[in-house]
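The values are calculated or read from the model by the stated rules, or taken from the named source; none is laboratory data. Predicted, not measured: the structure shown is a model, and the values here were computed from it. Every residue, glycine as well, gets a Cβ built from its backbone with ideal geometry; the counts of neighbours run over all protein chains shown. Quick note on the areas: whole protein, heavy atoms, side chains included, nothing else; ligands and nucleic acids left out. Shrake-Rupley method; radii C 1.70, N 1.55, O 1.52, S 1.80 Å.
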Amino acid sequence: MNNGKVYIVGAGPGDPELITVKGLRAIQEADVILYDRLINNDLLGYAKRSAELIYCGKLPNYYPLQQETIHKFLIKYAKNGNVVTRLKGGDPFVFGRGAEEAEVLQAHNISFEIVPGITAGIAAPAYAGIPVTHRQYSGSVAIVTGHRQSGEVQWENIAKGIDTIVIYMGMRNLAHICEQLVTHGRGKQTPVAIIHWGTKKEQRTVTGTLSDIVEKVSTENVTNPAIIVIGEVVKLNNKLSWYQHELANIDLPLII
Ligand code: SAH
């Protein structure tokens with residue numbers, strides 16, 4: 001039997017309308033969909049009725065065995081001639097392990113396509129009214145993982161060389177991250193925003209500075225999943241925060 005094909009698709013950050021046309025088509029054409037925890041389940045409603053939907057239940061921790069199982073499933077279904085869509089939150093190549101899966105497929109001679117998605121690190125700030133670059137405030141932005149121990153992330157270079165710092169998976173290490181940035185010369189008053197469940201109805205934003213954000217997050221009880229944005233652009237949240245207003249108005253009766 002001929003091999004099928006695998007689409008490794010970015011589902012976007014949460015708002016189901018933030019998927020690409022190509023990503024949506026990959027959902028509609030799939031015989032099998034393997035999907036992750038952070039995708040919006042509404043998107044599965046576009047699948048064929050006969051499609052097999054498999055939840056990969058990725059947890060925040062690192063489970064090598066789980067990833068191996070996903071690889072085995074991808075190979076098995078593709079080798080049986082299916083069109084397989086591997087649906088991941090945000091963009092599949094931004095902390096999404098999409099490349100590891102593509103490498104396995106390549107090693108097994110299975111054809112694949114990568115369908116980029118809108119990554120949470122850009123979309124969640126945008127929905128909170130924070131542009132990651134701005135002619136006046138920021139000419140550079142870094143996408144950083146907050147879940148590795150120091151040593152693996154060069155906090156000193158990031159603190160000194162980058163205007164806007166966007167951190168994924170950083171909530172558990174927030175205190176450490178703030179301390180590293182201050183130690184390496186970033187001002188204590190540098191603005192910080194934490195955006196929880198960006199682009200979803202549950203979106204919440206807490207703002208502060210490198211010196212007080214840890215306390216604010218604990219008072220407001222903000223948890224994962226969240227994006228941390230650090231830099232002067234955060235100040236624009238005051239003026240440009242549009243989505244929170246939309247959410248607040250959502251249930252208002254229409255006055256004619
Ligand atoms: N591939 C994904 C990132 C996966 S890593 C992307 O491109 O967006 C998982 C981390 O992404 C979470 O720990 C959190 O930091 C962030 N994240 C994903 N979706 C999010 C959302 N809707 N709101 C806030 N953070 C989100």
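Looking across the range 95-119, the residues that are open to solvent by 30 Å² or more (accessible area, probe 1.4 Å) and in contact (Cβ under 8 Å) with a residue 40 or more places away in the chain come down to PHE95, ASN109, SER111, PHE112, GLU113, ILE114, PRO116, ILE118. A Cβ distance below 6 Å, combined with a sequence gap of six or more or placement on separate chains, defines the contacts here; from the range 76-90, residues that are in the same structural domain as LEU44 (by TED's automatic domain parsing) reach residues that are aromatic (Phe, Trp, Tyr) and surrounded by 15 or more Cβ atoms within 10 Å (Cβ to Cβ) in the pairs VAL84/TYR77; THR85/TYR7; LEU87/TYR35. Only residues that are of a type in the set (Asp, Glu) and away from the ligand (no atom under 13 Å from the Cβ) were counted across the range 93-120, and they come to 2. Considering the conditions (1) crowded, with 19+ Cβ neighbours inside 10 Å; (2) over 22 Å from PRO13 (Cβ atoms), ILE177 is excluded by exactly one of them, (2). The single residue among ILE33, ILE27, ILE39, ILE8 that is within 13 Å of the ligand (Cβ to nearest atom) and outside any loop (DSSP other than H, G, I, E, B) turns out to be ILE8.
Kindly establish whether ARG204 is in contact with a Phe, Trp or Tyr (Cβ under 9 Å, 6 or more places away or on another chain), within 16 Å of the ligand (Cβ to nearest atom) and open to solvent by 40 Å² or more (accessible area, probe 1.4 Å). For ARG204, the condition - in contact with a Phe, Trp or Tyr (Cβ under 9 Å, 6 or more places away or on another chain), within 16 Å of the ligand (Cβ to nearest atom) and open to solvent by 40 Å² or more (accessible area, probe 1.4 Å) - is met. Examine the range 42-57 for a residue that is within 16 Å of the ligand (Cβ to nearest atom), within 22 Å of THR145 (Cα to Cα) and either modelled with pLDDT under 95 or out of contact with any Phe, Trp or Tyr (no Cβ under 9 Å at 6 or more places or on another chain) (or both), and state whether such a residue exists. Taking every residue of the range 42-57 in turn, at least one turns out to be within 16 Å of the ligand (Cβ to nearest atom), within 22 Å of THR145 (Cα to Cα) and either modelled with pLDDT under 95 or out of contact with any Phe, Trp or Tyr (no Cβ under 9 Å at 6 or more places or on another chain) (or both).
Selection of the range 8-48 for residues being touching an Asp or Glu at 6+ places or on another chain (Cβ under 6 Å) and open to solvent by 20 Å² or more (accessible area, probe 1.4 Å) yields only PRO16.
Taken over the range 16-47, residues that are closer than 18 Å to ALA123 by Cβ, touching a residue at least 40 places away in the same chain (Cβ under 8 Å) and acidic (Asp, Glu) amount to 1. Of all residues in the range 11-24, those that are part of a loop (DSSP other than H, G, I, E, B) and on the phi > 0 side of the Ramachandran plot total 1. Pairing residues of the range 211-237 that are part of a helix (DSSP H, G or I) with residues that are of a type in the set (Ser, Thr, Tyr) and away from the ligand (no atom under 16 Å from the Cβ), at Cβ distances under 7 Å and at least 6 apart in sequence or on separate chains, gives GLU232/TYR137; GLU232/SER138; VAL233/TYR137; VAL233/SER138. Mind checking whether some residue in the range 84-91 is within 11 Å of the ligand (Cβ to nearest atom), on the phi > 0 side of the Ramachandran plot and crowded, with 19+ Cβ neighbours inside 10 Å? Yes, because at least one residue in the range 84-91 is within 11 Å of the ligand (Cβ to nearest atom), on the phi > 0 side of the Ramachandran plot and crowded, with 19+ Cβ neighbours inside 10 Å. Residues that are crowded, with 21+ Cβ neighbours inside 10 Å, of a type in the set (A, V, I, L, M, F, W, C), touching a Gly at 6+ places or on another chain (Cβ under 9 Å) and under 17 Å from PRO13 (Cα atoms): does the range 166-173 have at least one? For the range 166-173, residues crowded, with 21+ Cβ neighbours inside 10 Å, of a type in the set (A, V, I, L, M, F, W, C), touching a Gly at 6+ places or on another chain (Cβ under 9 Å) and under 17 Å from PRO13 (Cα atoms): present.
Considering the range 62-87, the residues that are under 20 Å from LEU43 (Cβ atoms) and either part of a strand (DSSP E or B) or not hydrophobic (A, V, I, L, M, F, W, C) (or both) include one that is nearest to the chain's Cα centre (by Cα), namely LEU87.
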